[in-house]
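The values are calculated or read from the model by the stated rules, or taken from the named source; none is laboratory data. All values reported here derive from a predicted model rather than from experimental measurement. Neighbour counts run over all protein chains shown; Cβ positions are idealised from the backbone, glycine included.
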Amino acid sequence: MPTEVVCESTSTLPLALKSILRYAEKVMEKDSSITFSLPADLFGVSRKTSVLREDIVDLCNMNEVKTFTLVAYMMYLYSSVSGSKENMQYVFVDPSLISSGNTQESRIRNLCSRLMVSKPDQVVLAPFNPGGHWALLAINAYEDTVFYLDSLRTTSKATTRYCPLQVGSTTCGYYVMKYMREIVNRGSIVISDSIDTRKSYSQAELDEVRVELVEFLGSYM
């Protein structure tokens with residue numbers, strides 16, 4: 001059985017996480033949210049999205065990552081490389097359209113629509129949740145290459161050999177964000193060169209993505 005990750009106490013949280021947690025608990029109303037716009041270049045259509053107060057609290061407490069929290073981090077990654085060469089190398093797929101809650105036909109159609117707009121020198125990054133667990137597909141459609149990055153390694157070892165293994169029961173979403181961060185920051189479309197082969201990520205490494213996300217959300221507060 002995996003070892004459970006023990007949540008940090010509020011006193012040991014990174015400052016950015018501590019600040020937004022205090023804001024969420026003391027200032028935000030129960031059903032309020034942080035809302036921002038997604039450009040058409042991110043998922044192929046422009047729209048608004050929101051991260052709920054409860055999702056911010058969950059993020060700070062290392063609880064399960066919700067869909068729109070993951071969407072927000074993808075927006076952060078997109079904005080961090082917008083206008084650069086690296087931005088042209090990746091096509092992002094909206095996880096809300098290819099996860100549980102959609103019909104199989106709809107999930108396939110939505111994934112295929114993003115694959116069809118990809119180019120030979122691009123990788124499609126498609127995080128998805130089939131039900132209770134996040135994983136990441138990294139696809140180069142022109143080279144018939146698919147990496148299925150699953151932090152639980154619930155498939156064959158050969159399929160997931162480049163993927164660090166999670167050590168907590170609710171950390172899969174944080175691992176998926178970390179996988180995407182490594183791929184985008186490396187600026188490579190060779191996925192095997194971008195994913196660390198260590199057994200797992202440290203809490204400090206997972207905190208990197210949490211801090212980046214809350215700093216991004218903070219710009220909309």
Item checked: Among residues of the stretch 87-119, those that are free of Cβ contacts under 8 Å to residues at least 60 places away in the same chain and either crowded, with 17+ Cβ neighbours inside 10 Å or touching a strand residue (DSSP E or B) at 6+ places or on another chain (Cβ under 8 Å) (or both), counted -> 14
Note to self: Considering only residues that are of a type in the set (A, V, I, L, M) and modelled with pLDDT of 95 or more, which ones fall in the stretch 72-108?
What the structure shows: ALA72, MET74, MET75, LEU77, VAL91, VAL93, LEU97, ILE98, ILE108
Next item on the list: Go through the stretch 111-150 and count every residue that is among the small types (Gly, Ala, Ser) and farther than 18 Å from VAL184 by Cβ.
Entry: 4
Check: When both residues are 6+ apart or on different chains and their Cβ atoms are under 9 Å apart, which pairs have a first residue that lies in the stretch 169-188 and is crowded, with 22+ Cβ neighbours inside 10 Å, and a second that is among the basic types (Lys, Arg) and assigned to a helix (DSSP H, G or I)?
Finding: TYR174/ARG210; MET177/ARG210
Next item on the list: Would you check if ARG114 is charged (D, E, K, R) and either modelled with pLDDT of 95 or more or touching a Gly at 6+ places or on another chain (Cβ under 8 Å) (or both)?
Entry: yes
Margin query: I'd like the residue in the stretch 192-221 that is in contact (Cβ under 8 Å) with a residue 12 or more places away in the chain, assigned to a helix (DSSP H, G or I) and among the acidic types (Asp, Glu) and, out of all such residues, is farthest from ASP58 (Cα to Cα).
Written below: GLU205
Next item on the list: Determine, yes or no, whether ALA126 is modelled with pLDDT under 95, aliphatic (A, V, I, L, M) and more than 23 Å from GLY218 (Cβ to Cβ).
Entry: no
Item checked: Criterion (at pLDDT 90 or above, more than 15 Å from the chain's Cα centre (by Cα) and outside any helix (DSSP H, G or I)) met by exactly one of ILE139, ILE189 -> ILE139
